[in-house]
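As structure tokens, the structure follows; a few thoughts come after it.
Computed from the coordinates by the stated procedures, all read-outs in this text should not be read as laboratory data. From a predicted model like this one, the values you see are computed outputs, not experimental measurements. Cβ placement follows ideal geometry from the backbone for every residue including glycine, while neighbour counts extend to all protein chains displayed.
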Ligand code: NAD
């Protein structure tokens with residue numbers, strides 16, 4: 001598995017990262033056995049980056065991931081763990097007091113002494129000024145205390161990244177995690193990459209399958225996309241299937257093509273999905289992408305290109 005550097009952190013992440021939200025049962029139930037086997041196979045296949053949050057499954061994902069990582073018996077510096085703070089089953093709280101308590105709770109659930117990356121989770125749901133003036137300074141302190149090696153922010157609307165990065169001292173943030181904006185149906189993150197590079201932050205792209213839109217079985221019931229976007233993606237998946245191709249493989253490979261993005265986080269809940277996603281990355285490296293099917297899928301998705309959905313609160 002190819003490794004790419006994450007901004008100025010010195011971390012080298014596998015281009016395919018393990019998104020652990022499915023381990024919180026957010027895409028259907030996953031047994032602990034299946035979770036352990038998926039994490040183990042991912043690690044053995046060269047995936048060294050694991051992303052979770054206290055929000056996923058109301059802390060379940062952190063607990064299950066922590067157990068699975070411990071069971072690997074691998075040296076702590078052989079894998080990179082990212083978690084988040086500020087978003088919980090109970091709601092959002094970006095106060096310094098809450099995020100400081102949050103990392104202690106996360107470390108206990110993950111059975112770790114530190115995380116590699118701590119990110120404010122979905123900041124568009126809080127006051128961005130509070131994130132700039134209170135949350136990030138608290139995260140800087142946690143970094144100094146050795147609880148997290150690097151810090152970052154995550155969210156859906158791309159404008160949040162420049163809002164925050166333009167207001168914190170240069171070099172304060174190490175990472176941004178964007179999701180659903182560098183997929184075959186939405187490439188809007190690409191336009192922001194030059195700006196993010198000038199800010200020196202590492203870029204993580206999550207949800208290359210658009211949280212299930214780009215799968216044969218379709219998205220979960222809670223998926224926020226419009227009916228128009230859902231049916232266009234379904235048409236693309238059906239087209240691939242009729243050709244004997246797999247939309248998820250094509251979609252993951254498409255996201256991996258952008259080398260400015262360090263790692264693509266795909267949610268995985270079974271050994272089969274790990275196998276498929278690792279094979280997709282290997283095949284891309286040896287044979288390239290299926291250009292013909294890609295252009296057909298792009299044509300089907302053209303009417304909904306870059307269509308997203310609202311997320312967060314109106315900022316004053
Ligand atoms: P995704 O686009 O990766 O899709 C995940 C869905 O696709 C799941 O249902 C999974 O079971 C399925 N899947 C995975 N591989 C497949 C395959 N080969 N064939 C068919 N189906 C397959 O969406 P995601 O899980 O939401 O995102 C990935 C990860 O990124 C998350 O787990 C999380 O760690 C992170 N993330 C973070 C944020 C944030 O911080 N705000 C937001 C979204 C995602």
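Taking every DSSP helix (H) stretch of at least 4 residues in the chain, weighting each as -39,500 (n - 2.57) and dividing the sum by the residue count yields a mean residue ellipticity at 222 nm of -12000 deg cm²/dmol. Counting every Cα pair in the range 3-142, what percent are over 22 Å apart? Taking all Cα-Cα pairs of the range 3-142, the fraction more than 22 Å apart is 38 percent.
In the elastic network of the chain, a GNM with C-alpha springs shorter than 10 Å, the most mobile of 243, 305, 269 is 243.
Only alpha carbons enter this Debye calculation for the range 147-286, each as an equal point scatterer, and the log10 of I(q)/I(0) it gives at q = 0.08, 0.15, 0.18, 0.20 Å⁻¹ is -0.24, -0.79, -1.05, -1.20.
Average projected area of the Cα convex hull of the range 4-73, in nm²?
Numbers: hull surface 19.8 nm².
Approximately 5.0 nm², given one-decimal rounding.
In Å, what Kirkwood hydrodynamic radius results for the chain from the alpha-carbon pair distances? It works out to 19.5 Å.
Could you work out how much longer the chain between residue 140 and residue 292 gets when fully extended? Use 0.36 nm per residue separation minus the Cα distance between them, nm to one decimal.
Details: separation 152, 0.36 × 152 = 54.72 nm, distance 4.72 nm.
Here the segment from residue 140 to residue 292 would lengthen by 50.0 nm.
Note on residue 89 and residue 313: their simple-model spin labels are 2.3 nm apart, each label 7 Å out from Cα toward Cβ. Top mean-square fluctuation among 228, 90, 134, Gaussian network model of the chain, C-alpha springs under 10 Å? Result: 90 has the largest fluctuation of those listed.
With the alpha-carbon atoms of the range 233-316 aligned to their principal axes, the span from lowest to highest coordinate is 49, 27, 27 Å, starting with the largest. Post the alpha-carbon centroid distance, the range 100-125 to the range 191-270, in whole angstrom. Distance between centres, Cα-based: 25 Å.
Counting other C-beta atoms within 10 Å, which of 213, 69 has the fewest, and how do the rest follow? Can you show the working numbers first?
Numbers: 213 27, 69 23.
Final ranking by Cβ density, sparse to dense: 69, 213.
Ranked by how many other Cβ atoms sit within 10 Å of their own Cβ, fewest first, the residues 180, 85 fall in the order 180, 85.
Out of all Cα-Cα pairs in the range 88-152, roughly what percent, to the nearest whole number, are more than 17 Å apart? Looking at the range 88-152, the distances longer than 17 Å represent 35 percent of pairs.
Using the 10 angstrom Cβ neighbour count as an exposure proxy, how do 268, 211, 1 rank, fewest first?
Values: 268 29, 211 23, 1 16.
The most exposed by this proxy come first: 1, 211, 268.
The GNM of the chain, with springs linking C-alpha atoms under 10 angstrom apart, assigns the highest mean-square fluctuation among 46, 267, 171 to 171.
Return the inverse of the average 1/r over all pairs of distinct C-alpha atoms in the range 186-269, which is the Kirkwood hydrodynamic radius, in Å to one decimal. Kirkwood radius, the range 186-269: 13.9 Å.
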